[in-house]
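A short worksheet on the structure shown next.
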Amino acid sequence: MLLKVAHLLTKKQTEEDYKNYLKYIGIITIILGIVGIPVALSAKLSSFGSGMLTGMTITFFAFGIYTLIVIGQPKRLHKMYVEAHDERNNKILMVTALATLILIFLLIFALIVLFAFADIVLAYPVLLMILLYGLIVGFAILRLLFSKIL
């Protein structure tokens, strides 16, 4: 199944297929935002969990609305289609993904070394935040760097 998804994501789409794909993504993210509202209001979570769930809900709404707005604007949709299927952008994305994987591996290795030799123990939420921000910030910086180089 994973190979089928990979094949579907890598094959060349027509602009109409891309528009339908964006419509599907927009609707799904808005539905996730709608489902997230009652969960955020009724769940007894810590302030961190509540804030994270609220932020995810707002992000889903914003992304879904943005996607549906783009569908209605043919020039922006065409620009996004060209950028999504540009060979240079795809190569940059692949190189960035690999470099980010290596960066996360090195980060985990450094954390293991800190634990093994300096006896530094991090709390689980701190470890997760280090990995998450390392992934997000590392990907953004590496993508910017590779966009300039390649």
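The values are calculated or read from the model by the stated rules, or taken from the named source; none is laboratory data. Please read these numbers as outputs of a predicted model, since none were measured by experiment. Neighbour counts run over all protein chains shown; Cβ positions are idealised from the backbone, glycine included.
Summed over region 108-150, the residues that are surrounded by fewer than 10 Cβ atoms within 10 Å (Cβ to Cβ), within 14 Å of Asn89 (Cα to Cα) and of a type outside the set (D, E, K, R) give a count of 1. For region 38-59, the set of residues classified as surrounded by 15 or more Cβ atoms within 10 Å (Cβ to Cβ) and either β-branched (Val, Ile, Thr) or closer than 19 Å to Met80 by Cβ (or both) consists of Thr54, Thr57, listed by residue number. The condition of being more than 30 Å from Ile31 (Cβ to Cβ), touching a residue at least 12 places away in the same chain (Cβ under 8 Å) and in contact with a Leu (Cβ under 7 Å, 6 or more places away or on another chain) holds for only one of Ile71, Ile92, Ile120, that being Ile92. Inside region 132-143, can you point out the residues that are of a type in the set (A, V, I, L, M) and in contact with a helix residue (DSSP H, G or I) (Cβ under 7 Å, 6 or more places away or on another chain)? Result: Leu135, Leu142. The condition of being closer than 30 Å to Pro38 by Cα and not assigned by TED's automatic domain parsing to the domain that holds Ile31 holds for only one of Tyr124, Tyr66, Tyr81, that being Tyr124.
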